[in-house]
Structure formats: structure tokens, C-alpha cells
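Down below is the structure, laid out as C-alpha cells.
The values are calculated or read from the model by the stated rules, or taken from the named source; none is laboratory data. Remember, it's a predicted structure, so these values are computed and weren't measured experimentally. Cβ coordinates were reconstructed from backbone atoms using ideal geometry, including for glycine residues, and neighbour counts include every protein chain displayed. Ligands, DNA and RNA are excluded from the accessible area calculation, which covers all protein heavy atoms including side chains. Shrake-Rupley method; radii C 1.70, N 1.55, O 1.52, S 1.80 Å.
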Amino acid sequence: MSGATETHGGNTAGDSGHDTPIASSAATPVDASGSRPSSSARRFLARAEKKIDKTIDAFKRKIGPKEKGTRSHGASEASTTASTGKTWAIVAQALRMTLSGAVPFIPDPFKGPAEALLKMIDVFEEAKSNKEEMEGLKARCNLLNESMVNAIKGQDESLLSTELKESIGRLVKGIHDTFLAMVVGYSTGMAAYVMVEDNSEAVKGANQKLDQILQCFWIENLIAGALVLSDVRRTVENHALVLGDIHQTVKDQEVWMVKLCGTIDNHFKSATLDKLKHVPGAAYDSQELAKVNPCFEGTRVKLLAGIGRWMSNTALEERETRKPIYVLDGIAGIGKSTVAKTVAQRAAAINSLGATFFFSRDHADRQHAAGFVHTIAYQLAWCDASYGRAIATAIDDHPDSLHKVMAQQFSTLVAEPLKGMLKQRATPLVFVFDALDECAQPDGSDILSLIITSVSQLPNVKVFLTTRPELVLRIEYQSTSLANCFHLQEIEALIVDSDIQSYLDYHLSPSNIQKVFKGTEWKSWAPEKPQKEQLVSLSDRNNFDQHLDFEAKARNG
């Protein structure tokens, strides 16, 4: 559903301007009705945040300036071990407190792992090893804990969305499964474990798994709008400052965190790239698409959470999230372009947007395949300087490829130059293609074939595609095992009604009514709850987003 969010210009990944569409009520301590979190929730959050602050301070002291002079090896080792044990205790206590607060509200499938994890933390708190891998593990546990606190900060548990509760549940289960792989039970039951802290390979594997779990949690919830990007950036900056010098494992972790959340100005300029006949209006942030608004804040949460989960590949055991293509189809006016623009904006904000092409039957250059590959190559070249250099070299080496058939263009200009670099990516790269049905035939079918056979085969690349379910296209994308299909008109009625209610609550709030009727006798009028409920019941669910689009066009003249 579209809101009145201003369209941001530029295609620079990580631009601070992208904080706006990611904004979430997660950072607001008062909900729409004016209620505040329960006193127990506030006390729990205050204690958890205090423990996090203590952990940060402990690490700062641990890596602070070394004393002048020499110290005996034995004294240094004893001091380090004591510091390690104390730090572990603080981390374990903070994590235990957060989990205790989360257990009551996470869904049933995850309660068992959460309760078992609470018992396992006792074993980790007893860890004495100060090996490099163990230091990295402590750092990750602290970061995981702070990420959970950030996700629920400022909200009563009754106000947390079902999707966020499930996401936290999956995060907890992921931590549990990782920890379980590091412990050995020496008696029956869940109460007795011995940690294999001296097994460097086991701990190293756990660190890598925790990195993946945390990365997935962030990406999923940033795309869903459940996390505020500025909060994640602040968390990353704090840990980069405090933990960056401890060990290489943490430095490795910092690399992908910075790539995910850092502001990047990494453009590559070359006259060679001007040879690409790209379509400027096809980019999600072009002036031609200024009237396509992103989803209104707090709406389409379940859908966006699912897209974020697919994009981050959170549930590695689930086949659907492994598929490189996500097709969102639906009837005309149901809001597909609104969702596509939201996904593009939020992916760009976390440096995970590769290229976009929004087709349109109203623009000649956006309804044919002629400029499709050139546009993808051009946007990728501006996305990352190393990509730009590789694509420019490919053009110089194979100038005739600019005029070849589409499949050969893609192979020479994109796939071959970038394949090696894409394998090294720490975060997914998402391509967003909207309204493929508005591309004239047979070009539309040719592009879909290219997406399935070539674009989706790039390493660490995912393709988000929207279209009307036209027969010639539907047969192809429903018959491939590479695509996960979601039919937008089949979304549950209760969810749509809730989204409409959120939209009405905002636009019919006293402050907005005063702005509209300023200086008139109606400025103090406000609809009552039954009246708004009647409006919801009268709304045409399937065409609600179309109504918002008409409203936006009228507002913009």
C-alpha cells in the first residue's frame, strides 16, 4: 500500500536518505492508541540494555591501552583468563535476560529451543578459554543479544507483530541449534552439558553459523520494516569500535556488517559505460516513477516479511527460500508496483540492490526488450566500482556484444565479468523487475526466459518479479522449479482490513484533519471508531492500492 513517502533520487546504495522508508514503529514507545508498554516490559528492556552497556564497557577495558613496561607471561595469561571469564559472565547474563523476556511471546514451535537454550547458557558462562575463536563467539553472542533487544525495544509484547515474533523465534532456534552443536551431553536430559571450547574448528564453525543467522535476521526485518536501519547502523558502529581490534574472526564479521549497513560512495565513471543504451526511466527512483509510492508504513508487513525471509534465505532447510526467483502476481491495480518499489528502496538501503527495471506500456523504451540488458549492466556498473571496471573492460574487449541478441549481451556484459566477484559477496544482490506483463510480446517472454536461464543463475543473486498472471507468462514461471510464486489477491482478508485500518487511522487522525480543515468549523471533527470500521468494510480490498494510486496522482496534479 502506498503512502506519501517522498521518492529519493540517486541510486547510491546505503544513502542516508533511505532511512525514511525503513522507519518502523519499533522505535516508538507509544502506539497509535496512545498506550505505553507494560511496566514489566519496560523493566525487562531497561535491564537488558543496561547489561549490554556493561558488556561494551567490559570489552573496552579489555582492549584498552596496554600498560607500559614488561609483564611476565604467566601474569598476563592469568589476567586475560580472568577478564575473559568476567566478560563471558556479563554476555551470558544479558543473553539469558533477553531470552527470558522473549520466551512468553515467541510462537510455540520455538519455545522449546528457547527454554533449552537458557539451560545451555549456563555451560557457556563457565567457559574459561580465551582462544581467538572463543573471543569471536562472545562478541557474536553480545551482538545477537543486542539485535533482539533492538527488535522489541519500546513495544509492549502485545503490540509486536506475529511476523516479528516468528522471526525472533527463528533467531532463537538458530542460536540454540548452533550452541547444541558445540556441547556434548554427559547425562540424559537437557540439564547437563560440557562445552567443547577447546575444539577450535567446532567454535569456528559456530561463529560462521551465527554470522549467517544474524545477517539473515537483519535483512529479513529491514526489508519487512520491523527494524530501523539507523538502529542497526548504530549497533554495527558500536561493535566495530569496541570489537574491531580483538581478532580476525571479528574483523571478518565486521566486513559483512559494514557492507550491509555502511554508506557507500563507490561509483565508477568511464566514457565506455556511456556506450550502454540504458533506459533511465526504468530505475525505481527515476522521475517517471515518482508517483509510484512505497508501501504505507505498517502495511503489507506479512508479505514484506516473507520477501525479506526469501531474500535473506533465513530458513535454509526450507526449499522455498532457496529459490532464486520470487514472482508476485496479481490482478491490475492490486499494488504490485507499490510492493516492488518498497523492496527496491529497502534493498538499496542495505547495499543489496543490483538493478531495477519497471516496465510500462505507456513508455516506448520501457515496453520492449531492446534496452533491458544495457540498463542492468549500466545500473550494476554504478552500483559498485569494481563491477563498473569489469563491465567497462568487457565493452572495450567485445564492443560488438552491445548489438548481439539479448542472451549473448547478458553473458558478455554481465555474467562473465561479474561471476567471480558475485561469488565473493557477503550479502545477497537483488534485482527488481516490475510489471513484466506490460512488456510487449514476444519481448516479455524472451525477458522471462532470460531471467530464468541466466539472471537467476548468477551467484548470490535473487530476482524479485511482479506481473499480472497473463497466460503466456504464467505457464513459464509456474513451470520452473526456480521460482517461488505468491498470488497477491489471495492474501487473507483480515490482513488487508488491518492495512486499510492503519491507513485510515493515520489520514483521519485529529492532527491530519486539522491540517485539511484548518480555518473552518470542521477542524475539530474526528470520525468515531464505528465510522472508520464501516469505511473498512465498504472498501474494495482488491483495488485498495489502486485507489491510493489515484489519490497520489490527484494530489500531484
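Brief remarks follow.
- Neighbourhood charge, 10 Å Cβ-Cβ cut-off, centred on L117 and excluding it, Lys, Arg +1 and Asp, Glu -1: +1
- Packing-based order for 331-340, 413-422, 108-117, 373-382, using average beta carbon neighbours within 10 Å, highest first: 373-382, 331-340, 413-422, 108-117
- Remark on A483: its backbone amide H falls under 5 Å from none of the residues 5 or more positions apart or on other chains, H modelled at 1.01 Å from N.
- Measuring nothing but protein heavy atoms, the accessible surface of segment 376-425 at 1.4 Å probe radius is 50 percent carbon and sulfur.
- Rounded to the nearest whole Hz, the Karplus-based 3J(HN,Hα) values (6.51 cos²θ - 1.76 cosθ + 1.60, θ = phi - 60°) of segment 341-353 follow the sequence 5, 4, 4, 5, 4, 6, 5, 5, 5, 10, 6, 10, 9, with x at glycine and proline.
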